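Encoded as structure tokens, the structure appears first; notes follow it.
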Amino acid sequence: MFGLPLGVLLGVLLLVACIRVRAIHQRTAMVVVLGDVGRSPRMCYHIASLVRHGWTVYVAGYFDAQLPRYLCTPQVHRVPLWSPPSFFSKLPRAIFVLVAAVKVPMQTLSLWLALVARTPKPAVVLVQTPPAIPTLMVVQCACLLTRSRLFLDWHNLAYTLLALRLGPHSPLVRASETLERLFGRHADVHLFVTQAMLRHMAKRWHLHGAMSVLHDRPPAHFHRLSEVDAKAFFDRVGPALWTGDRGGSALAVTSTSWTPDENMHLLLEAASMYEERACTMPLRSLVIVITGKGPLREIFERTIRQRTQAWKHVRISTAWLSADDYPRLLGAADVGISLHSSSSGLDLPMKVVDMLGCGLRVCALSFACLDELIQPGVNGDVFSDAQGLASCLERLANTPSDALHTPFVGAEPRSWDALWDQVVVPHLPSNT
């Protein structure tokens, strides 16, 4: 659908760009996020790792959310991209094609200029995908021109996310898969968040280029808080997270982008079951804090108010925390909850990694490759329905704190820095 007009547009832009023949700037990288950079923690960690190795990094993306403080350095340069108006996401599905006909060419032009005209020619271009359209097409053409090494960081498969909105049999979904496969097949380096994704794509898509798994890892500032630091944190932010005194209630935390691939109503049903059980059993009261922003938040908040008015043992609140306060909340909580269901069955939720880094046991919705992260009975439990989540919360929220919090487990290096150095550094250009 978008191939011909985008091809024509890129052809014109290529001729314009050829006027500007520039030498590659050594130890200069471009990180591309066709989304809000501040809400893309994995890409923020990539940027920090490049800076740690002495690279200058230009970051092309949206900057709605504040960047973490550790990225506020002279080595990190923002390159804002054209951002679609917020009302685009609220328009009915029936006019999706019309919206895309406006949005995709504007994104194409904005990203192309960022890559070939607005910044020094980078030695490395590191791209988050999804989004795949028009990202993959643009960066492939740009890297041919600039001779930059292309790193594709595969977080998921974009066409599977589109299928959640349009249905798996939509012609647009099939077109999206074709374009994603065509422009995502070739790269100097492919990075994947799971072994399952690497195996699937290497076999089905016949990828060209080096392939490595870079599992998500919590950065150093995701850790367990001391009792003193936790008390100071709750004294400061507690009034905004819940009404009244939390007392001895267990604190469960979940994070969401409020999109259809996370069933927040399942959480509400599980909380309702916990409330009923707590009326007849000696269970701790429970406070559930849901963090994040997204299109479905307001609808769910109205549902919460209606359902929980008479509850006495479970309180649910929503919040949007700064990049500095979010790890503190996890570091002071008792239980983590993940409702991530994975549109492809091949990715893993970054939020669970952060929770594990803070020593939380995690109740996680089961899907195909979750065993790469969660070991039931060791660092959490899995569930498949509201009944299972309620039982999981009942077990973990009523476990003594000294037995609840566990260190991060795994055969690979525990820290992001160590794993990044092991997996990514060998692929960086040797002449830099």
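Structure data summary
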read-out	value
Hits among lysines - C-alpha to C-alpha of residue 121 under 28 Å, sequence gap 8 or more where chains match	103
Computed [θ] at 222 nm, helices only, for the chain once each DSSP H run of length n ≥ 4 contributes -39500 (n - 2.57)	-12500 deg cm²/dmol
Selection from 31, 292, 346 lying farthest towards where the dipole of the chain points positive, charges on Cβ	31
Within the range 305-386, chymotrypsin sites (Phe, Trp or Tyr not before Pro) in DSSP loop having at most 15 other beta-carbon neighbours inside 10 Å	320
Length gained when the stretch residue 272-residue 235 is fully extended (0.36 nm per residue, less Cα-Cα span)	10.5 nm
Helix 3-18 axis, angle to the chain major axis (alpha carbon atoms, nearest 10°)	60
Computed over the range 227-404, Cα set: Rg, Dmax in Å	15.1, 42
GNM flexibility winner over the chain from 231, 121, 103 (Cα, springs under 10 Å)	231
Global size of the chain as Cα Rg and Dmax, reported in angstrom	22.4, 76
GNM flexibility winner over the chain from 279, 392, 358 (Cα, springs under 10 Å)	279
Residue exposure sequence - 355, 273, 106 - by fewest surrounding Cβ within 10 Å	106, 273, 355
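Rule-based calculations on the coordinates, nothing more; no lab input. These figures come from a predicted structure and were not determined experimentally. For neighbour counting, all protein chains shown are included, and Cβ atoms are generated from backbone atoms with ideal geometry for every residue, glycine included.
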